[in-house]
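Visitor: After the structure tokens below, expect a handful of questions from me.
The values are calculated or read from the model by the stated rules, or taken from the named source; none is laboratory data. Bear in mind the structure is a predicted one, so any value in this text is a computation, not a measurement. Neighbour counts run over all protein chains shown; Cβ positions are idealised from the backbone, glycine included.
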Amino acid sequence: MGCGRVGATLAQSLENHGHSVAVVDQNPDSFRRLSPDFGGKKVTGIGFDRDTLNQAGVDECYALAAVSDGDNSNILTARVAREKFGVEHVVARIYDTQRAEIYQRLGISTVATVRWTADQVLRRMLPLGATDEYRDPSGNVRLCQIDVHPQWYGRTVTHIDAVTGARTAFIARYGTGQLANATTVLQEGDVLHMLIHASDVSKVERILTHAPAQEKDA
């Protein structure tokens, strides 16, 4: 729902990956953003209107993304799709960070665009310690990208997990994600991504942004 730049790009990408796509927008001129060879449905209407969603084929829908430029429209569309039509996989773009966190806890996946963009810019400018990449709907578990002190290089991720109480989800090495195992050693240039309980993020950040205690790796 929403055929702005994000919606049009998303629709085109999904179709390129072999999916059947329906795009809903209340302004028919918005469909001009789609490629001339776009083969999906183009439905003019309000995204949270049931008749519009039926016309778009919501009864056969696997997933819905509400990415218009209005927070209220996106949330309403996501809720109607999930609660009235049983669409299991819904995501809504939200500009208001606080509202995004509330709906995330209610089980509606959200992308808080302003916060996400700011975090990504800061991540490329400054070492930040820990940056959220994902939170589970309850907010208890976070997937974070963690900055580490250079002296952690050469330590196994098993040792890092034991010291921090967190769990290494994966590392990015030379721009490629890799699943870590018990013998994986953190190397210079690696980007560490960890699963951390929300209450422990500050502790993990404090540990890994400082040099490790002088002890042998287990």
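Visitor: Could you please let me know if THR158 is under 17 Å from the mean Cα position of the chain (by Cα) and either at pLDDT 90 or above or within 29 Å of ALA65 (Cβ to Cβ) (or both)?
Guide: Numbers: under 17 Å from the mean Cα position of the chain (by Cα): no; either at pLDDT 90 or above or within 29 Å of ALA65 (Cβ to Cβ) (or both): yes.
Judged against the criteria, THR158 is not a match.
Visitor: Please note which helices (runs of 4 or more DSSP H) are completely contained in the range 5-100 and include at least 2 residues that are free of Cβ contacts under 8 Å to residues at least 12 places away in the same chain. First the steps, then the outcome.
Guide: Values: elements: 5-16, 50-56, 71-79.
Where helices (runs of 4 or more DSSP H) fall fully within the range 5-100 and carry at least 2 residues being free of Cβ contacts under 8 Å to residues at least 12 places away in the same chain, they are 5-16, 50-56.
Visitor: Within the range 1-21, track down each residue that is under 17 Å from ALA92 (Cβ atoms) and among the hydrophobic types (A, V, I, L, M, F, W, C).
Guide: MET1, CYS3, VAL6, LEU10, ALA11, LEU14, listed by residue number.
Visitor: Now a separate question. Quickly run through the range 194-213 and pick out the residues that are surrounded by 19 or more Cβ atoms within 10 Å (Cβ to Cβ) and of a type outside the set (Val, Ile, Thr).
Guide: MET194, GLU205, LEU208
Visitor: For the range 1-40, name all the residues that are loosely packed, with under 13 Cβ neighbours inside 10 Å and not polar (S, T, N, Q). Spell out the reasoning first.
Guide: We begin by selecting, within the range 1-40, every residue loosely packed, with under 13 Cβ neighbours inside 10 Å; these are 5, 13, 16-19, 27-29, 32, 35-37, 39.
Scanning the range 1-40 gives ARG5, HIS17, GLY18, HIS19, PRO28, ASP29, ARG32, PRO36, ASP37, GLY39.
Visitor: If only one of ARG105, ARG79, ARG99 is farther than 20 Å from LEU14 by Cβ and touching a Pro at 6+ places or on another chain (Cβ under 7 Å), which one is it?
Guide: Values: ARG79 fails: touching a Pro at 6+ places or on another chain (Cβ under 7 Å); ARG99 fails: touching a Pro at 6+ places or on another chain (Cβ under 7 Å).
Selected residue: ARG105, the only one of ARG105, ARG79, ARG99 that is farther than 20 Å from LEU14 by Cβ and touching a Pro at 6+ places or on another chain (Cβ under 7 Å).
Visitor: Now for a different question. How many of the residues in the range 53-96 are touching a strand residue (DSSP E or B) at 6+ places or on another chain (Cβ under 6 Å) and surrounded by 15 or more Cβ atoms within 10 Å (Cβ to Cβ)?
Guide: 19
Visitor: Of all residues being at pLDDT 65 or above and hydrophobic (A, V, I, L, M, F, W, C) in the range 120-155, which is farthest from GLN187 (Cα to Cα)? Just the residue, please.
Guide: So in the range 120-155, the residues at pLDDT 65 or above come out as 130-155.
Now restrict to residues that are hydrophobic (A, V, I, L, M, F, W, C): 130, 141, 143-144, 146, 148, 152.
Values: ALA130: 18, VAL141: 26, LEU143: 20, CYS144: 18, ILE146: 14, VAL148: 11, TRP152: 8 Å.
Out of the qualifying residues, it is VAL141.
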